[in-house]
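Asks: One structure, pasted below without further comment.
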Amino acid sequence: MDMRRWIGVCLLLAVAGISCLPVTQAWLDLPEKSIFFHSETAQMENTLALPDPFIKYPSKEEALKSIKANDKDSVLVTAGSTPIKKMDIKALPDIEVIPGGDSIGVRVDAEGVHIAGYHYVEQGPERISPAKEAGVKPGDILMKVGEEEVNEARDIKDVLADASAKDALPLTVKRGKEEKQVEVAPIQSEEKNQLQLGLYIQNTSAGVGTLTFYEEGSGKYGALGHVISDAAADHPAPVRGGKLLRSTVTDIEKGRNGQPGEKRATIDDRPTILGSVTKNNAFGIFGTLEGKKQTANEEEAVPIAFPEEVKEGPAELRTVIEGNKVESFDVNITSVMSQNHPATKGMVIEVTDERLIEATGGIIQGMSGSPILQDGKLVGAVTHVFVNDAKSGYASHIEWMLDEADIETYKDMREAS
């Protein structure tokens, strides 16, 4: 082999060897563009630590760890005084919200009225439900009686007051996603001296849960961490509006494996209205809080963590187990699901706080929506308990709830970087 070929082979091997070095790979991995939040750039103090492979080379350690601010739109990576690479940067406003934990009551005005069951009208020796005989089922949503839209029980009474026992009334009901019409002939109740369809109805969906967060200033909030279902419990209740109310935890039914417990809470007869409910979906309920003092427990705003920032390990859960007092309890994040798109099961948590275990048995109904914090950041919210393991349950990543609350997360810009 002549000298030129030998030198060529040596150079080729040298280039290949250098390209495999960790420091070279780390340099190649430096992005062309990077997105930072204001708090992150403040912590940098014009210096950003590069990947560990750089630190393995003591002679260049300080030089290669130095990223000095070149101007407000870029940073210059240097080795000593020699420029290596220029990165475009953009600083975004910090995303901060106030963590909740407050016990809340929810009253959602759903579209139509829910049919909860049958009412039997006495007709001599018989007890009859005209609606049952016509094929109406519990769980249906009654949308119209005749041509009149139904939004509350009074609407049905008004139509029946003008109806005749001789005439069948067309009822428009919604079953799942399908609307259908049935003919029901109302009958006269001798006891109440009025026409009746033979139905028990429910005007609104109501319940208790936990406030997850709200944004200071705008008042936008997220709560519950799961959907409010209609009476059939197989799809979200269509929301026309609703109210978020203050509630008080009065008792705890302790959970155990195989039988989830629950918070027992009351809503005052003259409840304090915290805000409106405008959205109901798989991630919870959303709307706007009202007034200057938006919750009973005033907290400082904290930054949020994106799914890729959440890690297995210790965290804290905030919730109420007595009265209105929000308390923090120790939990452990045992599993984190990698998610690029919204999904309700983002992580698995386990209650490790002995005081909470003693009081509740672990995760219980009414705790849904309780915020989870890790390293000073809001990372998620409790969604469901494991039926066969009362100490464990699912939680969703907080980013998806922020999206549903219409709080800016700069998703497009972060993905582009």
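The values are calculated or read from the model by the stated rules, or taken from the named source; none is laboratory data. Note that this is a predicted model, so its numbers are computed, not measured. With ideal geometry, Cβ positions are generated from the backbone for all residues, glycine too; neighbour counts draw on all protein chains shown.
Asks: Return a yes/no flag: does the range 113-133 have any residue that is buried (at least 16 other Cβ atoms within 10 Å of the Cβ), closer than 30 Å to GLY366 by Cα and hydrophobic (A, V, I, L, M, F, W, C).
Replies: So far as the range 113-133 goes, yes, one or more of its residues are buried (at least 16 other Cβ atoms within 10 Å of the Cβ), closer than 30 Å to GLY366 by Cα and hydrophobic (A, V, I, L, M, F, W, C).
Asks: Continuing with the same structure: For the range 169-184, how many residues meet the condition of being over 10 Å from LYS144 (Cβ atoms) and free of Cβ contacts under 8 Å to residues at least 24 places away in the same chain?
Replies: The total comes to 2.
Asks: Considering (1) more than 13 Å from GLY101 (Cβ to Cβ); (2) surrounded by 14 or more Cβ atoms within 10 Å (Cβ to Cβ), say which one ASN340 fails and leave the rest.
Replies: (2)
Asks: Counting only residues that are touching a strand residue (DSSP E or B) at 6+ places or on another chain (Cβ under 7 Å) and in a loop (DSSP other than H, G, I, E, B), which one in the range 192-201 is nearest to GLU122 (Cα to Cα)?
Replies: Per the criteria, the residue is GLY198.
Asks: Within the set of pairs 6+ apart or on separate chains, which have a first residue in the range 390-409 that is part of a strand (DSSP E or B), a second that is at pLDDT 95 or above and acidic (Asp, Glu), and C-beta atoms under 6 Å apart?
Replies: LYS391/GLU350; SER392/GLU350
Asks: In this structure, is MET337 in contact (Cβ under 8 Å) with a residue 60 or more places away in the chain and in the same structural domain as THR250 (by TED's automatic domain parsing)?
Replies: So MET337 fails the test.
Asks: Given the residues THR409, THR383, which is the only one that is polar (S, T, N, Q), touching a strand residue (DSSP E or B) at 6+ places or on another chain (Cβ under 7 Å) and surrounded by 15 or more Cβ atoms within 10 Å (Cβ to Cβ)?
Replies: Exactly one of THR409, THR383 is polar (S, T, N, Q), touching a strand residue (DSSP E or B) at 6+ places or on another chain (Cβ under 7 Å) and surrounded by 15 or more Cβ atoms within 10 Å (Cβ to Cβ), namely THR383.
Asks: Take the range 223-246 and flag every residue that is surrounded by 15 or more Cβ atoms within 10 Å (Cβ to Cβ), assigned to a loop (DSSP other than H, G, I, E, B) and either modelled with pLDDT of 85 or more or aliphatic (A, V, I, L, M) (or both).
Replies: Hits for the range 223-246 are LEU224, GLY225, HIS226, VAL227, ILE228, ALA231, ALA232, ALA237.
Asks: So is ILE363 more than 24 Å from PRO303 (Cα to Cα), more than 18 Å from the chain's Cα centre (by Cα), of a type outside the set (Gly, Ala, Ser) and modelled with pLDDT of 95 or more or not?
Replies: no
Asks: How many residues are in a loop (DSSP other than H, G, I, E, B), more than 20 Å from ASP109 (Cβ to Cβ) and touching a helix residue (DSSP H, G or I) at 6+ places or on another chain (Cβ under 9 Å) when one looks only at the range 148-180?
Replies: Looking only at that region, the number is 1.
Asks: Follow-up question, since we're still on this one. Condition (residue is in a loop (DSSP other than H, G, I, E, B) and at pLDDT below 95) applied to the range 309-316: is it met by at least one residue?
Replies: no
Table: residues versus (1) of a type in the set (Lys, Arg); (2) in contact (Cβ under 8 Å) with a residue 60 or more places away in the chain; (3) over 27 Å from GLU404 (Cα atoms).
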residue: VAL320; (1), (2), (3): no, yes, no
residue: ASN324; (1), (2), (3): no, yes, no
residue: THR344; (1), (2), (3): no, yes, no
residue: VAL348; (1), (2), (3): no, no, no
residue: ARG355; (1), (2), (3): yes, no, yes
residue: THR360; (1), (2), (3): no, yes, yes
residue: GLY369; (1), (2), (3): no, yes, no
residue: ILE372; (1), (2), (3): no, no, no
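Asks: If only one of GLU312, GLU316, GLU290 is acidic (Asp, Glu) and out of contact with any Leu (no Cβ under 9 Å at 6 or more places or on another chain), which one is it?
Replies: GLU312
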